Amino acid sequence: MNDFRILVVDDHAIVRSGLCSLLGSQKGWEVCGEASDGQDAVEKCRQLKPNLLILDICLPKLNGVDAARRILKDNPTQRILVFTEVSAEQVIQDCLDAGVRGWVFKSDTNGDLTAAVREMQRNKPAFSAVVSDLVMDGYLQRRHPSLVSPILPRLSSRQREVLQLPSEGKNSKSIATILNISVKTTETHRSNMMEKLNIHSIAGLVMYAVNNEIVHVHLPPVLQFPQAIQGTGALLQRKAN
C-alpha cells in the first residue's frame, strides 16, 4: 500500500521540522515535501501532487488563503488542512468558501493534529470547535441573515495580494513586477480597496492587513529585551546619582 503523502507549508523552519518529525513518525505517512511561502506551496502542489497539504495562513509572497484558492482552482479535490495561529472569522470564512475542509490551531495538541490528518485521510472534514461554530454561523446566515452580524466587505484575491506585499515592505514598482501587472494597475487596485474599505492611507491599509491577520508583524528576537531592560536600568541609576 502506498504511503499517505503530505506536503508541509510554513515559513518557520523550526515549525516545519517539528511537523515533519511528528508526521513522519506515524505509520503509513510520508512527508513528500516542504515549502516556506505561498507561491512555493502552489508550485510544489502541482509538482508533487500530495494527498494532503498542511498549510499555514501567514506566509510571505502569497498568503495561505490565496494559495489555497489557487491550489483548489487547479485541483478541486486537493485536501488542505490549515495549521495556523490565525483565528480571524473573515479569514476562516474565506478559506471555507475556497474549499478548505480542515483546520487545526497551533495551540492545539499533537494528538489534535494527527487526529485531524487521519480524518482527512478518510476524506472527512476536520475542524476545531471554533471553526465548527463558524460553519454553523454561515449556515444560519444563509437561512436567517438577520441573526448573524454583517460580514466586512470582501477583497478579491488580487486585491489581497496587492494589500499583502506593501505590508512586507514592497513598493508599487516591486509589486507590479512580482504580480506581472503594471504600476498603474497596482495603484488602481489600491484605490479600489481604499474605497471599498473606507480607508484613506497606505498606513491604514497596512493596519487593516495586520488587524485582519492577512499579514503578521514579527517582533524583534526575545533576547533583545533583556539588553533593553538593562540599558534602561543603567540610565535610571545614572539619573538617581
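The values are calculated or read from the model by the stated rules, or taken from the named source; none is laboratory data. None of the values given here were measured: they were computed from a predicted structure. Glycine gets a Cβ as well: all are built from the backbone with ideal geometry, and neighbour counts include every protein chain shown.
Points worth noting:
- The lone criterion from (1) farther than 25 Å from residue 209 by Cα; (2) surrounded by fewer than 23 Cβ atoms within 10 Å (Cβ to Cβ) left unmet by residue 15 is number (1).
- Filter pass, residue 138 being surrounded by 13 or more Cβ atoms within 10 Å (Cβ to Cβ) and either polar (S, T, N, Q) or at pLDDT below 70 (or both): yes
- Restricting attention to segment 52-70 and to residues that are in contact with a strand residue (DSSP E or B) (Cβ under 6 Å, 6 or more places away or on another chain) and over 20 Å from residue 24 (Cα atoms), the residue that is surrounded by the most Cβ atoms within 10 Å (Cβ to Cβ) turns out to be 64.
- Close pairs (7 angstrom Cβ cut-off, 6 or more residues apart or separate chains): among the small types (Gly, Ala, Ser) in segment 192-209, assigned to a helix (DSSP H, G or I) anywhere: 209/163; 209/164; 209/167
- Checking residue 147 against (1) at pLDDT 75 or above; (2) over 17 Å from residue 92 (Cβ atoms), the condition it does not meet: (1)
- Within segment 18-35, if we keep just the residues that are surrounded by 18 or more Cβ atoms within 10 Å (Cβ to Cβ) and not in a strand (DSSP E or B), the residue that is farthest from the chain's Cα centre (by Cα) turns out to be 23.
- Checking each residue in segment 39-50 for being closer than 19 Å to residue 77 by Cα and assigned to a helix (DSSP H, G or I) picks out 41, 42, 43, 44, 45, 46, 47, 48.
- For segment 76-122, the candidate set comprises residues that are part of a helix (DSSP H, G or I), polar (S, T, N, Q) and over 13 Å from the mean Cα position of the chain (by Cα); within that set, the residue that is farthest from residue 27 (Cα to Cα) is 110.
- Candidate set: segment 71-125, residues that are touching a Cys at 6+ places or on another chain (Cβ under 9 Å), buried (at least 17 other Cβ atoms within 10 Å of the Cβ) and closer than 23 Å to residue 158 by Cα; chosen: the one modelled with the lowest pLDDT: 86
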